[in-house]
1. So which helices (runs of 4 or more DSSP H) are wholly in region 122-205 and hold at least 3 residues that are surrounded by 14 or more Cβ atoms within 10 Å (Cβ to Cβ) and within 25 Å of the chain's Cα centre (by Cα)?
2. Mind telling me which of the residues S259, S286 ends up being more than 15 Å from R140 (Cβ to Cβ), small (G, A, S) and at pLDDT below 95?
3. So which of A95, A112 ends up being over 30 Å from H288 (Cα atoms), of a type in the set (G, A, S) and surrounded by 20 or more Cβ atoms within 10 Å (Cβ to Cβ)?
4. Return a yes/no flag: does region 203-216 have any residue that is closer than 30 Å to Q293 by Cβ, at pLDDT 85 or above, aromatic (F, W, Y) and out of contact with any Phe, Trp or Tyr (no Cβ under 6 Å at 6 or more places or on another chain).
5. Which condition does D111 not pass, out of (1) part of a helix (DSSP H, G or I); (2) touching a helix residue (DSSP H, G or I) at 6+ places or on another chain (Cβ under 9 Å); (3) free of Cβ contacts under 8 Å to residues at least 60 places away in the same chain, if it passes all the others?
6. Which condition from (1) closer than 20 Å to A181 by Cβ; (2) within 42 Å of the chain's Cα centre (by Cα) is the one that A241 breaks?
7. For region 1-59, name all the residues that are β-branched (V, I, T) and over 14 Å from A116 (Cβ atoms).
8. Any residue at all in region 304-323 that's in contact (Cβ under 8 Å) with a residue 40 or more places away in the chain, among the polar types (S, T, N, Q) and part of a helix (DSSP H, G or I)?
Amino acid sequence: MTTVASTIEATALVGTDWAAEGHAVHVMGPSGRRRDAFGIAHSRSGLEALVKRLARFGPAAATPVAVEHPDGRLVDVLLEAGHPVVPVQPNAIKAWRDAEVLSGAKSDPGDAEVIAEHLRLRRHRLRVVQPCSAATKALRTVVRARDDLVAQRTAARNQLEALLQATWPGAIEVFADVTSAICLDFLEKYPTWSSARLLGEKRMAPFLVKHGYSGRRPASELLARLRRAPDSTDDLDHAEAARDAVVGYVEVLRSLNRSIKDLDRSIAAHLGEHPDGKLFTSLPRSGHVNAAQVLAERGDPREAYDGPDAVAMLAGLAPVTKHSGKHHAVHFRWACNKRFHDAMTTFADNSRHASPWAAKADARGRGCDHPHAVRVLARAWARVIYRCWIDATPYDANRMATPPGSPLTKRHERNAMKRSFSDLGVDTEGVTARPLLVLGLPALGEALHGRGR
């Protein structure tokens, strides 16, 4: 179970306003009286001084610290010293400050005071950070680095394709993926239309053999694609500039490809060493990278989640209900961990091709569009993975083959449906459910996720 900040017998409450070079700190007593306010540098000596100064106000376990960014070296140092770290939402702090400071004045020390006051008055609603293990932190580092590099490669690919569309459209049509090794080699050798003007089958065929082309298309067909596209300009200055630009993008994409492959190997190594690695790789069609993404963003402390619904909310798989007067609407949950959301929905979409019950649970047959249907399935997987995770047991496809009419299945469906409708504030009396999934997925995807996104 998660730890609520109000359960801590606090001798002092601390608010910190994070910055790149320094941090503003405000220490407040339980009654709201200011006990100290100071600034520290974001350095080794500054963080050590912070821990020593906070020790004046009592034991570290009785001095919770509120932060807007629940990661980084500041949080690591506070956790190592034994301080409970309480993350607060920046939007909530902004709204609190705007309501309290009518003049609109803003400063780092003032923000630290607002954060400390927010912790003092709202700690019954705030949760203490549950630190991840060293293995999870290491895995998260390489996974997020790979995700960032993939995003950079996508941006570089789009820029290269836009350049080729303007200067040499035929180069895009030859190979399926502009970022592939053979396409980059082709662009390096033939960066402009004029450089490939004399290219024929006698040159193209050996090029394909040399680079191990596996597209099963003859050289004549690839050349036909090249010739069908519009010709480029004959302006020599423009062609020379285009050649330099194309070669520059080729080098960037090659470097990104190498780095991504290196990180893939690092991810596989860290995932194999992680205690929960076998559990997540046992999921159907998860693969090493996607399994590592799910594990890294989910974390490994079991006490961080009250149940599978908390996991679904963190990943943005559970909807948000807005009910006021006669207005009732169900919306997509935007406030979530975007990386976790992408990892879970990617896995759920891929699982349809390897898991029979996941394929049968496809909600598109009930009028949902593809993103909505994938979220419905991902929430089902959130429940299944949570059970495996709590039991520390790898996924077993045979357990998902329970006959739909069995008492076990019916009981799980009834209980899960009641919990989910209760979370949404919907009265379940008189509601008829059509079973969707085994192992406790709520039966009505439309009621849980709404007709729209």
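The values are calculated or read from the model by the stated rules, or taken from the named source; none is laboratory data. Owing to the predicted nature of the structure, the values given are computational and were not obtained by experimental measurement. Here Cβ is always computed from backbone atoms with ideal geometry, including for glycine, and neighbour counts include all displayed protein chains.
1. Working: elements: 134-167, 170-174, 181-189.
Filter on region 122-205 gives 134-167.
2. That would be S286, the only listed residue that is more than 15 Å from R140 (Cβ to Cβ), small (G, A, S) and at pLDDT below 95.
3. The match here is A112.
4. Checking region 203-216: not a single residue is closer than 30 Å to Q293 by Cβ, at pLDDT 85 or above, aromatic (F, W, Y) and out of contact with any Phe, Trp or Tyr (no Cβ under 6 Å at 6 or more places or on another chain).
5. Failed condition: (3).
6. Only one criterion is unmet by A241, namely (1).
7. If the condition is that a residue be β-branched (V, I, T) and over 14 Å from A116 (Cβ atoms), then T2, T3, V4, T7, I8, I40, V51 are the ones that fit.
8. No, every residue in region 304-323 fails to be in contact (Cβ under 8 Å) with a residue 40 or more places away in the chain, among the polar types (S, T, N, Q) and part of a helix (DSSP H, G or I).
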